[in-house]
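Input: a single structure, listed below in structure tokens.
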Amino acid sequence: MSALPGSVAAPPVARIGDIDVLRGFALLGILLVNAQLMAGPATAPGGGAGAPLVDRGASWMLTALVAGKFYLLFSFLFGYGFTLQQRAAAQAGVAFAARHLRRTGTLFLLGLAHAVLLYPGDILMTYAALGLVLFALRAVPPRTLLRIAAGLLGTLAVLLLTYGLFALALPGPERTEDITATTAGTVAAYRGGPGSVVGANLELLPEFLGANVLYSAELLAAFLVGLAAGRWRVSADTGRHRNRMRQIVRRGLPLGLAGGAFTAVCTHGGLDSGWFHIGAAAGVLTAPALTAAYACGVLLLVRTPAGRKLAPALASAGRMSLTHYLTQSLVLALVFTGYGLGLYDRIGTAAVLAGCLVLYVAQLALSALLLRHFRSGPVEFVLRAATRGGFPRHTR
């Protein structure tokens, strides 16, 4: 493939199929969680107390099985991908620092546009900021990275648990009227025109950024585990680790499911608000076990006769994961906000989940179609060009 002047022409580092499979799988969980937040207060975690039983059950299952698990998987993959970027820069004979800075800067700008225009809960800006921390820790030995990650998770869990216990012991004043008025204003804004939607996103952005800052310790921990795994190249030949992956599934599922169930009870059980943070602390400690079990379970599944048919679809979606992440928000915004149908806070959780499954299947099919003609999705193309400092002449 020829290149324009100023661009770097070098053979790319070989893609790792299992990494793409996991990215494609993680897209489903990200979609399910983000859709609940974009659909309105009735479907948000902890909301919809008067909703039909089917919707309350769907919210409970989503919290127990999905929420807090899949962004950990994406974060792990981000850390792993960092090592692949390092190797690509070394192979091309260029400075990795400049490439990484361009990549994180582009991610931040994409995230900022995403947050303002579509979804204030964007994670790309946080990823970009933590990517700089990842760069600073790139030479730390893998075992030390794992110890740092464990320390980050433990510290965050203690903070959440302490806050929850204080909230139970010292309940704050009731502010039902203020909360109701705020919710009504948000609903009206998201059902308004495009300017109203952008205004609502900007108003909610500080709240979402604050949550991202709080949970940045959890994200960074997953980054560091991914960085350690990438340094050890554990995904280069996962077929050799089947017994270990089966052990992770057997041990991780019970612990992760128990923690997820406890978190769901604390979130949807009609308990005092302090229990929400106690449940969140349990989630911080147990979600990694369920995330690891999911990841190993999927990698084992795609090695079965039936699963081999699923692997290409997941891998294709994984190669376009950034494009799909942004496209999901675009579709959801067109459905739920004044950009399109304006169905904000008008659809129950169960129906939203069903719609997400339809969208995800469509994305799997679209990925396979597009990758017959292009190397990657359009956003990945832009990000790669920004990272390398030049656009290639061809897309194949």
S196: passes all of (1) at pLDDT 95 or above; (2) under 25 Å from the mean Cα position of the chain (by Cα) but (2)
Restricted to segment 27-65 and to residues being β-branched (V, I, T) and at pLDDT 90 or above, the residue farthest from A315 (Cα to Cα) is V54
So L255, is it surrounded by fewer than 21 Cβ atoms within 10 Å (Cβ to Cβ), among the hydrophobic types (A, V, I, L, M, F, W, C) and in contact with a Ser or Thr (Cβ under 6 Å, 6 or more places away or on another chain) | yes
Residue set A184, A188, A211, A222; condition of a type in the set (A, V, I, L, M, F, W, C), surrounded by 18 or more Cβ atoms within 10 Å (Cβ to Cβ) and in a helix (DSSP H, G or I); output residue A222
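Conditions (1) outside any helix (DSSP H, G or I); (2) free of Cβ contacts under 8 Å to residues at least 24 places away in the same chain; (3) touching a Ser or Thr at 6+ places or on another chain (Cβ under 7 Å), marked per residue:
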| position | (1), (2), (3) |
| --- | --- |
| T263 | no, no, yes |
| T267 | no, no, yes |
| F276 | no, no, yes |
| A293 | no, no, no |
| L300 | no, no, no |
| P305 | yes, yes, no |
| R308 | no, yes, no |
| P312 | no, no, no |
| A315 | no, no, no |
Selection from segment 328-339 of residues over 11 Å from R191 (Cβ atoms) and either buried (at least 19 other Cβ atoms within 10 Å of the Cβ) or free of Cβ contacts under 8 Å to residues at least 24 places away in the same chain (or both) yields Q328, S329, V331, L332, A333, L334, V335
Okay, helices (runs of 4 or more DSSP H) sitting entirely in segment 54-170 with 1 or more residues that are within 18 Å of the chain's Cα centre (by Cα), in contact (Cβ under 8 Å) with a residue 24 or more places away in the chain and within 26 Å of A386 (Cβ to Cβ), I get 70-92, 96-117, 124-136
Picking from E207, E218, the residue that is modelled with pLDDT of 95 or more, charged (D, E, K, R) and closer than 18 Å to N34 by Cβ would be E218
Selection over segment 337-379 where residues are part of a helix (DSSP H, G or I) and either within 19 Å of the chain's Cα centre (by Cα) or closer than 19 Å to L28 by Cβ (or both) yields a count of 23
Considering residues that are crowded, with 18+ Cβ neighbours inside 10 Å and of a type in the set (D, E, K, R), the number found within segment 102-135 is 2
Taking segment 266-280 and the residues there that are buried (at least 16 other Cβ atoms within 10 Å of the Cβ) and touching a Phe, Trp or Tyr at 6+ places or on another chain (Cβ under 8 Å), the one that is farthest from A169 (Cα to Cα) would be H268
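The values are calculated or read from the model by the stated rules, or taken from the named source; none is laboratory data. Bear in mind that the values here come from a model prediction, so they are computed numbers and not experimental data. Every residue, glycine among them, receives a Cβ derived from its backbone with ideal geometry; neighbour counts consider all protein chains shown.
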